[in-house]
1. Can you name the residue in the stretch 188-208 that is under 16 Å from residue 85 (Cβ atoms) and near the ligand (Cβ under 10 Å from one of its atoms) and, of all such residues, is surrounded by the fewest Cβ atoms within 10 Å (Cβ to Cβ)?
2. Pull out all pairs, ordered by first then second residue, where Cβ-Cβ is under 7 Å, the residues are six or more apart or on different chains, the first lies in the stretch 523-541 and is farther than 14 Å from residue 492 by Cβ, and the second is in a loop (DSSP other than H, G, I, E, B) and of a type in the set (A, V, I, L, M, F, W, C).
3. Residues to consider are 127, 40, 53; find the one that is crowded, with 24+ Cβ neighbours inside 10 Å, within 29 Å of residue 226 (Cα to Cα) and in contact (Cβ under 8 Å) with a residue 60 or more places away in the chain.
4. Would you be able to say whether some residue in the stretch 226-249 is within 16 Å of the ligand (Cβ to nearest atom), in contact with a Gly (Cβ under 7 Å, 6 or more places away or on another chain) and of a type in the set (S, T, N, Q)?
5. Evaluate the stretch 277-297: report whether one residue or more is among the charged types (D, E, K, R) and closer than 30 Å to residue 69 by Cβ.
6. All but one of (1) part of a helix (DSSP H, G or I); (2) closer than 16 Å to residue 327 by Cβ; (3) not polar (S, T, N, Q) hold for residue 276; which doesn't?
7. Take residues that are crowded, with 24+ Cβ neighbours inside 10 Å and of a type in the set (A, V, I, L, M, F, W, C) and tell me which of the strands (runs of 3 or more DSSP E) falling wholly in the stretch 446-563 contain 2 or more.
8. Give the residue, chosen from 443, 386, that is within 25 Å of residue 87 (Cα to Cα) and either under 26 Å from the mean Cα position of the chain (by Cα) or crowded, with 21+ Cβ neighbours inside 10 Å (or both).
Amino acid sequence: MTTKPRRSQTWFGDFGTLGFTHRSWLKNQGYPDDMFDGRPVIGICNTWSELTPCNAHLRVLAEYVKRGVYEAGGFPLEFPVMSLGEVLMRPTTMLFRNLASMDVEESIRANPLDGIVLLTGCDKTTPSTVMGAASVNLPTLVVNGGPMLDGSSRGRMIGSGTDLWRITDELRLGQISLDDYHDYESCMSRSDGHCSTMGTASTMAVMVEALGLTLPGAAAIPAADSRRRRLAWLSGRRIVQMVEEDLTLSHILTRPAFENAIKLNAAVGGSSNFVIHMLAIAGRIGVDLSLDDFDRLGSELPLLVNLMPSGEYLMEEFFEAGGLPVVIQALREHLHMDALTVNGKTHAENTASAQAWNHEVIRPLDNPLKEHAGLAVLRGNLAPNGAIIKPSAASTHLLEHTGRAIVFEDYDDYHARIDDPALDVSASDILVLKQVGPKGYPGMPEVGNFHLPKKILEQGITDMIRISDGRMSGTAFGTVVLHVAPESAVGGPLALVQTGDQITLDVGNRSLHLHVSDDELVRRREGWTPRPAHAERGYVKLYLDHVMGADKGADFDFLVGGSGGAPILKGNH
Ligand code: FES
């Protein structure tokens with residue numbers, strides 16, 4: 001138990017005009033006097049929005065968190081923050097991740113809160129809220145909204161996102177009718193929750209559980225399962241205790257916790273977006289983490305979880321098979337099992353009785369789905385600051401390959417020419433896309449797994465090497481080199497590649513090499529000029545002025561670090 005004065009009492013413990021004001025206006029919601037008596041005030045930071053379909057049920061979950069908070073003697077106050085809906089926001093939610101994190105940070109800092117529950121779901125709603133909360137460093141617990149139930153149509157399992165690419169290609173090639181296409185569309189999203197594959201949202205749910213920020217087993221419980229609401233209720237109880245124990249985020253988000261998350265991301269076949277968000281969160285909480293840590297710690301580990309896009313099943317099967325606690329147990333010799341989690345116990349204690357109920361979905365360590373499945377970090381004259389590839393989602397025969405570059409100067413150029421019958425391209429070529437990095441697009445969209453030329457698809461070929469400074473949807477697959485840094489928009493070597501250049505991808509040697517002499521690259525650079533800025537005012541201007549490279553988590557330079565706790569700001573009365 002902490003004897004530290006409650007932060008909220010600075011607002012509610014005053015008996016002059018300030019305290020009167022703070023209590024009186026809140027009482028218009030029917031709160032009795034004893035809510036202000038010094039009990040922990042819990043902020044329920046809600047990313048609910050009808051524009052974020054994956055989070056549309058979070059108001060319901062918030063009510064369950066409140067039950068737990070009241071029951072444990074706390075005072076819950078729910079507040080909205082910017083919600084980043086992956087499927088509707090343009091140009092890309094990643095453009096707004098840092099803005100949302102600032103909303104979270106300042107909403108917490110400015111209000112009479114002692115502890116925080118983050119309600120998250122869709123891809124960016126998890127990292128943005130964790131980043132913001134990490135900069136304040138109060139006791140904080142995450143309740144994620146849970147995945148959708150399995151999609152299924154015409155006897156075929158439909159995974160969110162992953163099957164979207166396949167179905168769209170089948171329609172383009174005339175292999176399915178428009179009616180089939182619409183039917184798949186309806187069947188894919190059949191319940192509350194986020195994408196059902198091991199896409200970015202599921203990866204983020206696994207990440208926060210691996211980091212110790214959720215109650216055990218939280219990642220995989222389907223949104224529609226009543227146990228999701230029970231989890232929310234229990235989380236409400238627990239956050240009150242965390243305030244009493246002063247168990248702040250920095251006690252949980254330690255270097256060993258990040259190492260655990262990197263290793264577990266390899267074992268579950270998590271999204272490549274994991275890298276950029278982990279780097280940003282580490283920067284906020286002051287943990288020294290670099291791009292190379294992801295390769296060094298994760299790349300040799302096996303893929304144990306058989307979920308799309310790397311495998312066959314969906315989050316519902318992962319939950320039924322035992323979820324992340326089983327994976328933690330399976331990987332225990334590689335993990336820091338003494339890492340503390342929000343329930344005050346270690347991973348070792350939390351997973352001691354975990355049992356795998358389906359070895360096809362969660363494989364044992366001695367029979368993995370794939371060996372060496374973690375993300376690989378590539379370097380070379382094409383990516384001096386690094387690039388990443390997800391070998392578990394790539395074609396094995398392309399992991400060591402030299403080919404001719406076919407260059408698209410930006411996404412518009414790509415759209416204009418990709419299906420042109422006159423495009424000179426063969427399956428052994430390497431497709432290069434520029435201007436899709438953090439500053440270039442702007443916002444670093446998930447276009448790195450761009451479609452192959454129609455003339456290649458018609459040959460029955462479904463994968464080619466693609467290289468860009470963009471990201472890839474966690475639900476996607478292919479031999480796709482991503483996050484090339486420095487990005488083309490700031491004059492990284494990617495900007496200098498021309499159609500016809502030879503490029504070698506050698507994942508085994510972690511190399512990405514452009515076969516162009518240094519002298520020729522210098523000559524090309526002299527002729528290169530940056531494009532005009534995308535904006536001269538507003539948030540996008542702020543973003544362009546301050547966003548760092550993908551290798552730094554694409555956070556804003558001025559947001560790295562925290563506020564040194566949660567200092568109480570001056571009053572306004
Ligand atoms: Fe929200 Fe996939 S679109 S999680």
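1. By that ranking, first place goes to 189.
2. Here the result reads 541/535, each pair linking the stretch 523-541 to a residue that is in a loop (DSSP other than H, G, I, E, B) and of a type in the set (A, V, I, L, M, F, W, C).
3. Every option except 127 fails the conditions.
4. Scanning the stretch 226-249, I find no residue that is within 16 Å of the ligand (Cβ to nearest atom), in contact with a Gly (Cβ under 7 Å, 6 or more places away or on another chain) and of a type in the set (S, T, N, Q), so the answer is no.
5. Yes; the residues of the stretch 277-297 include at least one that is among the charged types (D, E, K, R) and closer than 30 Å to residue 69 by Cβ.
6. Residue 276 satisfies every listed condition except (2).
7. Correct list: 465-468, 480-482.
8. So the residue among 443, 386 that is within 25 Å of residue 87 (Cα to Cα) and either under 26 Å from the mean Cα position of the chain (by Cα) or crowded, with 21+ Cβ neighbours inside 10 Å (or both) is 443.
The values are calculated or read from the model by the stated rules, or taken from the named source; none is laboratory data. As the structure is a computational prediction, the values presented were derived from the model and not from experiment. Methodologically, a virtual Cβ is constructed for each residue, glycine included, from the backbone with ideal geometry; neighbour enumeration extends over all protein chains shown.
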